[in-house]
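The values are calculated or read from the model by the stated rules, or taken from the named source; none is laboratory data. This one's a predicted model, so the numbers in the text were calculated from it and none came from an experiment. So basically every Cβ, Gly included, is an ideal-geometry build from the backbone, and we count neighbours across all protein chains shown. To get the accessible areas, we keep the full protein, side chains included, count just its heavy atoms, and leave off ligands, DNA and RNA. Shrake-Rupley method; radii C 1.70, N 1.55, O 1.52, S 1.80 Å.
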Amino acid sequence: MSSTRRSVALLGATGSIGTQTLDVLRREPDAFELVAIAGGRRLGELAAIAEEFHVRRVGIASEEDRETLSELLGPRVELVVGSSGLSELAQSADIVVNAVMGFAGLPVTMATLESGRRLALANKESLIAAAPLVAQARATPGASVLPIDSEHCAIHQCLASSNSSSGYPDVRRLLLTASGGPFRGWPKERLATASRDDALRHPTWSMGPKITIDSSTLMNKGLEVLEASALFGIEVGRVDVVVHPQSIVHSMVEFVDGSVVAQLSRPDMRLPIAYCLGLPERLDHAWGAIDFTQPLALSFEAPDYESFPALELAYAAARRGGAAPAWLSAANEVAVEAFLAGRISWPRIVATVAAVMDQYIDDPLASLSDLLENDATARRLAHGILEE
Ligand SMILES: NC(=O)c1ccc[n+]([C@@H]2O[C@H](COP(=O)([O-])OP(=O)(O)OC[C@H]3O[C@@H](n4cnc5c(N)ncnc54)[C@H](OP(=O)(O)O)[C@@H]3O)[C@@H](O)[C@H]2O)c1
């Protein structure tokens, strides 16, 4: 590794991506210094991370928790609260890891890019909802986005084989791989009976609850189609989904001459996290390394668009552009929350999103206030539909 120690802000430190990022940082104390963290409700965990890494700046979601956390942290730690706190922390390090869940991660994405820093992005929801605004913010000198999402991290690596750095005319299509989730192959009638526990049982990845449910509906893959298009500036017509149950090939790029470049590893999120922290160098830890002396079967199949309508909803939102992806993502967050709370059945998650999208009226999404308004409208509509 290079001799300069780079500072890291880890926002969403107590979650699945957060704890795996900490694992990477523990192995590289000479390369990185953790200077800021933020979390939501798991205050004890947050305080323990601050103590272990000697972090002096901590963010929390709610003013209500200030007193409890202040007591846990002691007087030497500066505490910031809410979305303005997240924005402040995002301007305090060389590299900002956005591991917050959902639309709440938006201030991190915007503040990191607008202040010209490296954004290691796990929080796909902010990029999807704010794509036109993020595109402007990425033009800030020094700003860059590196994707932690394993599929997009794979594509980032595969695109190094392209002769072009924008528009990618030599790329025929991006092939996003999908495990298929816990319900791959389930007939429609059985899907109607899927329980919360069934949906939380992902076959290959251990992740936070929201993304795990999104994987069960394939909404996660739909969101990733939008994410890939926004990240790489490639229209969704050139982004395809391929089901690959083993989660070994993390995604592929097909070039115009028919050549396909893929990235492979065992499923381990520490690999893409380390890639995003280390670039332009690679960190020397064999996370996810494959033992090719052992049998390895790789299979691929087409997604079942009929049983998993979330995929087509995402493509439709991408084609409409503007605020449509923000509506899709907001309505989905509301529906997933209701499912996790046991208030609705599994099929109602995507049915709710579809009903919200039926009411979408084109909006080009010109500003942040416009986005916040659209997000609030989509959420209000989703809540209304859930109460019917
Ligand atoms: N997990 C994966 O393998 C994976 C893979 C690819 C992409 N991603 C993406 O990465 C993001 C995080 O996913 P995850 O699975 O790590 O989720 P998670 O386990 O639920 O963790 C979410 C984190 O966000 C924090 N948080 C929530 N609301 C917050 C707020 N208002 N302010 C500050 N912090 C807040 C949570 O804090 P508390 O827990 O303390 O409340 C927690 O630290 C998502 O966008 C997901 O789509 C995840």
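Tabulated values for the structure
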{"read-out": "Output for the range 82-95, where each listed residue is touching a strand residue (DSSP E or B) at 6+ places or on another chain (Cβ under 6 Å) and more than 9 Å from the ligand (Cβ to nearest atom)", "value": "Glu88, Leu89, Ala90, Ser92, Ala93, Asp94, Ile95"}
{"read-out": "Of the criteria (1) under 23 Å from the mean Cα position of the chain (by Cα); (2) of a type outside the set (D, E, K, R); (3) modelled with pLDDT of 95 or more; (4) assigned to a loop (DSSP other than H, G, I, E, B), which one Trp287 fails", "value": "(3)"}
{"read-out": "Members of the range 122-174 that are open to solvent by 20 Å² or more (accessible area, probe 1.4 Å) and touching a Pro at 6+ places or on another chain (Cβ under 7 Å)", "value": "Ala131, His156"}
{"read-out": "Test result for Glu33, open to solvent by 10 Å² or more (accessible area, probe 1.4 Å) and either assigned to a strand (DSSP E or B) or assigned by TED's automatic domain parsing to the domain that holds Ser369 (or both)", "value": "yes"}
{"read-out": "Considering residues of the range 1-55 that are closer than 16 Å to Leu89 by Cα and without any contact (Cβ under 8 Å) to a residue 24 or more places away in the chain only, the residue nearest to the ligand (Cβ to nearest atom)", "value": "Val55"}
{"read-out": "So Ala194, is it of a type in the set (A, V, I, L, M), assigned to a loop (DSSP other than H, G, I, E, B) and away from the ligand (no atom under 16 Å from the Cβ)", "value": "yes"}
{"read-out": "Counted residues, the range 288-320 - those being open to solvent by less than 20 Å² (accessible area, probe 1.4 Å) and either more than 30 Å from Glu189 (Cβ to Cβ) or in contact with a Cys (Cβ under 9 Å, 6 or more places away or on another chain) (or both)", "value": "1"}
{"read-out": "Where Glu64 falls short, out of the listed (1) in contact with a strand residue (DSSP E or B) (Cβ under 9 Å, 6 or more places away or on another chain); (2) within 13 Å of the ligand (Cβ to nearest atom); (3) not hydroxyl-bearing (Ser, Thr, Tyr)", "value": "(1)"}
{"read-out": "Check on Phe308, in contact with a helix residue (DSSP H, G or I) (Cβ under 7 Å, 6 or more places away or on another chain), of a type in the set (A, V, I, L, M, F, W, C), away from the ligand (no atom under 16 Å from the Cβ) and farther than 22 Å from Leu121 by Cβ", "value": "yes"}
{"read-out": "Enumeration of residues in the range 243-260 that are surrounded by 19 or more Cβ atoms within 10 Å (Cβ to Cβ) and in a strand (DSSP E or B)", "value": "Val243, Val249, His250, Ser251, Met252, Val253"}
{"read-out": "Among (1) under 16 Å from the mean Cα position of the chain (by Cα); (2) more than 8 Å from the ligand (Cβ to nearest atom), the one test that Asn98 misses", "value": "(2)"}
{"read-out": "Flag for Val96 being in a loop (DSSP other than H, G, I, E, B) and touching a residue at least 12 places away in the same chain (Cβ under 8 Å)", "value": "no"}
